[in-house]
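One structure below.
The values are calculated or read from the model by the stated rules, or taken from the named source; none is laboratory data. No experiment lies behind these values; they were computed from the predicted model shown. Every residue, glycine among them, receives a Cβ derived from its backbone with ideal geometry; neighbour counts consider all protein chains shown. What goes into the accessible areas is simple: the full protein's heavy atoms, side chains included, and nothing from ligands, DNA or RNA. Shrake-Rupley method; radii C 1.70, N 1.55, O 1.52, S 1.80 Å.
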Amino acid sequence: MRKPRDYDAELKALEDKAKELKARKVQQLGELVIATGADAFTPEELAGALIVIAETKDTARREAWSKRGSAFFHSRSRRSAPSADRDSGSTTDRDTGSAQTHPGGAQPAPGSAGAA
């Protein structure tokens, strides 16, 4: 006969893990807001923009946003080592890749893959 499982202990461990993951998610979302420069907006502006994004059903627009976000993360990870050597211009460097598309917000840049 094998030893009975301690379901209460396993459940407690899973709950602790879930709390840890939620806390990490909240921290990473905050870091993302800061990294994108969105911390300059009011909470109301951010909430409104996120509501619009959540309600958007236009798959082409969502795909364009996804590509832009992917490019953001790709360019940040590539620059992470060199940016430590530079003290000035970090905001300019961050915005360089998206300067064409920023004024329209959700619109892809002319000639990009999302503008068909």
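Quick notes on this one:
- A probe of 1.4 angstrom, applied to the heavy atoms of all protein chains, finds V52 with accessible area near 90 square angstrom.
- Summed residue charge, Cβ within 12 Å of G69's Cβ, Lys/Arg positive, Asp/Glu negative: +3
- Here K57 is the anchor, and the lysines within straight C-alpha reach of less than 25 Å, apart from those fewer than 8 places off in the same chain, are K25, K67.
- Our estimate of slack between K67 and A49, defined as 0.36 nm per intervening residue step minus the Cα-Cα distance, is 4.7 nm.
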